[in-house]
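Trainee: Before I ask anything, let me first share the structure, which is written out below as C-alpha cells.
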Amino acid sequence: FHVKIGFIGLGIMGRPMAKNLLKAGHELVVYDVVRTNVETLTAAGATAADSSREVAQQCRVIITMLPNSPHVKAAVLGENGVLEGAQQGTILVDMSSIAPLASQEICEACAQKGVRMIDAPVSGGEPKAVDGTIAIMVGGDRAVYEEVKDLLLVMGSSAVWCGGIGAGNTTKLANQVIVALNIAAVSEAYLLAKKAGVDPRLVFEAIRGGLAGSTVMEAKTPMILSRDFKPGFRIDLHIKDLANALETGHSVGAPLPLTASVMEMLQTLHADGCGSDDHSGIAKYYEKVAGA
Ligand code: NAD
C-alpha cells in the first residue's frame, strides 16, 4: 500500500494495531476522541486529524477500532464522520466487535456514498495486538477483502473471510459465546470440586490433558485459582458482546439458553461493581452464590 491509511479509535487494541502499521512503513492519519491516545500515535510517527471527517478527506483506506455499534455509527455516519469526508471508492475496514445488523446498516449507508465497507473484528486481546498476531474474521465483499488482506496481515497472523457483510461479527459473537460459556463451565466444575473437598489445582492437573481441557482452561485457571482478576478482557465488554449475541439470536430465531444464563451471571457481577474485572471473574459469581 502506497496510500495513507486512516485509523480511528486508538484504545487498548487500536493503539498497538496502529503502531504495527507504522512499523511496517505505512503512512498513518489517526483520530480518537481522547487526545492523549492520539498523542501516543503522533509520538510514534502518525499524523493527527481533528475528526473522522478529516481522516476520510486524506485517506482511501480507513480502519475503525471502536467499542460498539453506536460508536461506529457516530464515527462513520455522524456529524464530522467518515462519510462527510470520504471520496468515492474509499475502503472502510471496521475492526470493532459490533452487532452484525449494525455492520449491515452502516455498510448500506456507506454504499450510498460510494464507500466500500467490510467488517473485520478480531480475537486475541492486547498482547496479540502488540505482537501482530490477532485472529481476524472478515465479512463483506470478497474482492474488497482481497484488496486489504495484506494490510490486515500486518496486524494479525490469520484472516478468514466468513461471508457477506456482518459475517465477521457473527463469527466473533460465536467466539464470545464459546469463551464465556467455557469460563463458566470451568468455574462451575472447580466449585463442585472445592465444595466436595477436592483441591481445584489437582482437578486441573488431572484433567487438563483430556477432553475437558481447553485454551480457556489453560489461560483462565491460573487467574481463577490465584483470584487475580486483572483484565485482560473486561466483564463489561463481554456483556456488550453477549447482548449483541442474544439480540442477533432473537432476530434470526436461534435459541441461546446457555448464553442467557451466563449473561445473568455477568450482569450480577457488573451490578456488584466487578464490571472492570477480567471475565475470568465469572468464578466470583459462583463463590458468591455458594458462599465458597
Ligand atoms: P477501548 O475502549 O480501549 O478503545 C476504544 C477507543 O475508541 C477509545 O480510545 C475511545 O476514546 C475511542 N472512541 C470512542 N468513540 C469514538 C468516536 N466516536 N470517534 C473516535 N474515537 C472514539 O476498547 P478496545 O479494548 O480497544 O476494544 C475495541 C474493540 O475491539 C471493541 O469492540 C472490543 O470488544 C474489541 N476487542 C477487544 C479486545 C480486548 O482484549 N480489549 C479483544 C478483542 C476485541
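Trainee: Each label point is 7 Å from the Cα along the Cα-to-Cβ direction; what then is the distance between the points at Ala111 and Glu27, in nm?
Mentor: 3.2
Trainee: Oh, and also: Evaluate E = 1/(1 + (r/R0)^6) for Thr40 and Ala196, where r is the Cβ-Cβ distance and R0 equals 35 Å; express this FRET efficiency to the nearest 0.05.
Mentor: On the way: r = 49 Å, r/R0 = 1.41.
The value I calculate is 0.10.
Trainee: State the antiparallel share, in %, of DSSP beta bridges confined to the chain, rounding to the nearest 5.
Mentor: Numbers: 4 of 28 bridges.
Close to 15 percent.
Trainee: Shifting gears a bit: What is the count of Lys pairs in segment 170-290 whose alpha carbons sit under 21 Å apart, if the two are 8 or more places apart or on different chains?
Mentor: Count of close lysine pairs: 16.
Trainee: Using just the Cα positions, wrap segment 112-178 in a convex hull and report its mean projected area in square nanometres, one decimal place.
Mentor: In nm², the orientation-averaged hull projection of segment 112-178 is 4.8.
Trainee: Kindly give the semi-axes, whole Å and largest first, of the ellipsoid equivalent to segment 1-69, taking each as the square root of 5 times a Cα gyration tensor eigenvalue.
Mentor: Details: eigenvalues 48, 37, 26 Å².
Three semi-axes, in Å: 15, 14, 11.
Trainee: Highest mean first, what order results for 275-283, 9-17 on Cβ atoms within 10 Å?
Mentor: The most tightly packed comes first, giving 275-283, 9-17.
Trainee: Sticking with this one: Computed from the mean reciprocal separation of all distinct C-alpha pairs, what Kirkwood hydrodynamic radius does the chain have, in Å?
Mentor: About 20.0 Å for the chain.
Trainee: What lysines could a cross-link reach from Lys113, if we take a straight Cα to Cα line under 18 Å and drop same-chain neighbours fewer than 8 places away?
Mentor: Lys73
Trainee: Nearest-5 percent of antiparallel DSSP beta bridges in segment 5-165?
Mentor: 10
Trainee: Starting from the eigenvalues of the Cα gyration tensor, five times each then square-rooted, give me the equivalent ellipsoid semi-axes of segment 5-165, largest first, whole Å.
Mentor: Values: eigenvalues 82, 71, 38 Å².
Its equivalent ellipsoid spans semi-axes of 20, 19, 14 Å.
Trainee: Full-extension gain between Val130 and Gln267, please, as 0.36 nm times their residue separation minus the C-alpha to C-alpha distance.
Mentor: 46.3 nm
Trainee: With axes computed from alpha carbons, what is the tilt in degrees of helix 235-252 against the longest principal axis of the chain, rounded to the nearest 10 within 0 to 90?
Mentor: The angle comes out at about 80 degrees.
Trainee: Roughly speaking, what % of Cα-Cα pairs in segment 170-290 are separated by over 17 Å, rounded to a whole number? Working shown, then result.
Mentor: On the way: 3956 of 7260 pairs.
The proportion of pairs with Cα distances above 17 Å equals 54 percent.
Readers should treat all values here as calculations from the given coordinates under stated rules, not as data from a laboratory. None of the values given here were measured: they were computed from a predicted structure. Because the Cβ atoms are built from the backbone with ideal geometry, glycine has one as well, and the counts that use them run over all protein chains shown.
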